[in-house]
Every structure is written in structure tokens, then in C-alpha cells.
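Chemist: Take this structure, written in C-alpha cells, and hold onto it; I'll ask about it next.
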């Protein structure tokens, strides 16, 4: 019984650590297109982006879309620009 309790406590601790260590930001460009990033990048000025914390939500009269893409870059129109 004691070993089951220890196993459960360790499992909950590992889960809690993995949830708190997984951070992401929301990046949006001036065309209201947003995506998630797990790395803090210094975007070039021509990207015209704003970086928000993961808890950010747009206002009731704002309209954004999410377009996810892996890797370092940003959306410019319909093109993903790598750098």
C-alpha cells in the first residue's frame, strides 16, 4: 500500500513539473494571424509581430486566426518566412 502511495505522489510531481515547464508564447502579426512558439525569438523588424504570453486572449471585437508552423520564422501573407 505504501509503495502505491509513493508511486502516485511521484507521478503527480512529474506531471506537475512537466506542465509548468512547458511554456509557449503567442505571436501575432499585423494581419491578425497568430501562432505558438516555444522559444523566445528576437523577430526582425520587418516581421511586424507582437509577442504575447500564452494566456493572452484577444478582445470581443477583435478577430484573429491561428496558423501553426514549426520552426523559427513568421507569417507574411500566406508565406512562412524562415530565418
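The values are calculated or read from the model by the stated rules, or taken from the named source; none is laboratory data. Everything numeric in this text was worked out from a predicted model, so none of it was measured. FYI the Cβ positions are ideal-geometry reconstructions off the backbone, even for glycines, and counts take in every protein chain you see.
Results for (1) under 15 Å from residue 24 (Cβ atoms); (2) surrounded by fewer than 10 Cβ atoms within 10 Å (Cβ to Cβ), shown as yes or no for each residue.
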| site | (1), (2) |
| --- | --- |
| 44 | no, no |
| 53 | yes, yes |
| 57 | yes, yes |
| 60 | no, yes |
| 64 | no, no |
| 68 | yes, yes |
| 72 | yes, no |
| 75 | no, no |
| 79 | no, yes |
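Chemist: For segment 1-55, give me each residue that is over 15 Å from residue 71 (Cα atoms), touching a strand residue (DSSP E or B) at 6+ places or on another chain (Cβ under 7 Å) and either part of a strand (DSSP E or B) or modelled with pLDDT under 50 (or both).
Modeler: 28, 29, 33, 49, 50, 51, 52, 53
Chemist: Going by the structure shown, is residue 63 in contact with a strand residue (DSSP E or B) (Cβ under 7 Å, 6 or more places away or on another chain) and in a loop (DSSP other than H, G, I, E, B)?
Modeler: In short, no.
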